[in-house]
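See structure below.
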Amino acid sequence: VPGEYVTNVSQAVRGAIPSPNIWNSPDIYEVYNRAVDPDGLIESAMTEIRPWDGAAVLDVGCGTGFHLPRFAARARTVVGVEPHRGLAVRARDRVAGLPNASVRNAGAQELPLPPASVDVAHARWAYFFGPGCEPGLAELARVMRKGGAAFVVDIDAARGTYGRWFRRHFPRYEPDDVERFWSGRGFSRRRVEMRLAFESRADLAAVLAIEFPADLAAEFTAEHAGLEIDYPVNVRWKYY
Ligand SMILES: C[S@@+](CC[C@H](N)C(=O)[O-])C[C@H]1O[C@@H](n2cnc3c(N)ncnc32)[C@H](O)[C@@H]1O
């Protein structure tokens, strides 16, 4: 229920999936976001599939709104939806000077948008979309306009250095099951050879420390030289 806050994760609307990395460390998460995809491969792939010039864009689970200004530069309107109140406030501050951008404090299960009002939806690092997330996908289907496209961008845990680390952390995560989940719901996939590029070793270590338990973060930081990490991702999309 939007506006009704659970007590153990005091700042999130009901139905939010705990996201300790960004909930507890939004400033380090910002460092992470700045390191993501220096080549712009994700945005290029999305643009080829469904450009958003002049479009109504929705960013589901927008966090601190890192991606909202990028969308706002070309879109007619962009709405960020974020269930964590503190993050929604940060996202609102970020877009305060952008007349075509706004932020709503809500979750994917109850999108505060009219039916058939969105041309391009984006959900990034959206583990709240996966098995069990059918109410959110039904909401997406409700708000998407005919001819629109919804994107779900997430790790390809089957590949790359980051994928190997991710599977160490979540040994029961089955990339094939995830693929079956999405293809069974009409989503296509494009594999993107994304990399993270940090400004310093300290930044890299700080980000791994919010992404993984302390022992794994220390091990991964020690084994991995340099400032870059290969991090293949899946850009999934569905036309409506
Ligand atoms: C890993 S963060 C990614 C944030 C943002 N997409 C980005 O790329 O910077 C995942 C986000 O999903 C949000 N989230 C968790 N459960 C959600 C739900 N049920 N509906 C929408 N967003 C949700 C979290 O609060 C968090 O901000």
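Roughly how tilted is helix 201-211, in degrees to the nearest 10 and between 0 and 90, from the longest Cα axis of the chain?
In the chain, helix 201-211 runs at an angle near 60 degrees to the longest axis.
Report Rg(Cα)/(2.2 N^0.38 Å) for the chain, keeping two decimals.
Details: Rg = 17.2 Å, N = 240, 2.2 N^0.38 = 17.7 Å.
Scaled against compact globular proteins, the figure is 0.98.
Kindly express, to the nearest 10 degrees and within the range 0 to 90, the angle between helix 26-35's C-alpha long axis and the longest C-alpha principal axis of the chain.
Between the helix axis and the principal axis of the chain, the angle is about 80 degrees.
Report the gain in length on full extension from ALA141 to GLU228: 0.36 nm times residue separation, minus Cα-Cα distance, nm rounded to one decimal.
Working: separation 87, 0.36 × 87 = 31.32 nm, distance 3.71 nm.
That pair, ALA141 and GLU228, stretches by 27.6 nm at full extension.
Go through segment 127-221 and name the GluC sites (Glu not before Pro) that are in a DSSP coil and have 11 or fewer other Cβ atoms within 10 Å of their Cβ. Mind dumping the intermediate values first?
Numbers: sites: GLU139, GLU179, GLU193, GLU199, GLU211, GLU219; in loops: GLU193, GLU199.
Passing sites in segment 127-221 are GLU199.
Could you tell me how many cubic angstrom of Cα convex hull volume segment 66-182 has per residue? Numbers along the way, then the final one.
On the way: hull volume 15.2 nm³, N = 117.
Roughly 130 Å³ of hull volume per residue.
What is the distance, in nm, between label points placed 7 Å from the Cα along the Cα-to-Cβ direction at ARG70 and at ARG164?
Modelled inter-label distance: 2.7 nm.
If the label point is 7 Å along Cα→Cβ of ARG34, which residues in segment 180-206 have backbone nitrogen under 17 Å from it?
196-206
Among 81-91, 141-151, how do they line up by average Cβ neighbours within 10 Å per residue, starting with the highest?
Details: 81-91: 22.8, 141-151: 18.3.
Top of the packing list down: 81-91, 141-151.
Run the numbers for ARG14 and SER44: contour at 0.36 nm per residue of separation, minus the present Cα-Cα distance, in nm. Kindly include the intermediate steps, with their values, before the conclusion.
Values: separation 30, 0.36 × 30 = 10.80 nm, distance 3.41 nm.
Here the segment from ARG14 to SER44 would lengthen by 7.4 nm.
Using the Cβ atoms and a cut-off under 11 Å, what net charge is assigned to the surroundings of VAL31, where Lys and Arg are +1 and Asp and Glu are -1?
Net local charge, VAL31 excluded: -3.
Would you mind calculating the relative contact order of segment 33-190 from Cα pairs under 8 angstrom and at least 6 residues apart, reporting the percent as a whole number?
Here the relative contact order equals 19 percent.
Sum up the charges of everything whose Cβ sits under 9 Å from the Cβ of ALA116, counting Lys and Arg as +1 and Asp and Glu as -1, but leave ALA116 out. Could you put the intermediate results ahead of the total?
Values: positive: ARG142, ARG145, LYS146; negative: none.
Here the count lands on +3.
Where a number appears in this text, it was derived from the coordinates with a stated rule and is not lab data. This is a predicted model, so every value here is computed, not measured. Here the Cβ is made from the backbone with ideal geometry for all residues, glycine too, and neighbour counts use every protein chain on show.
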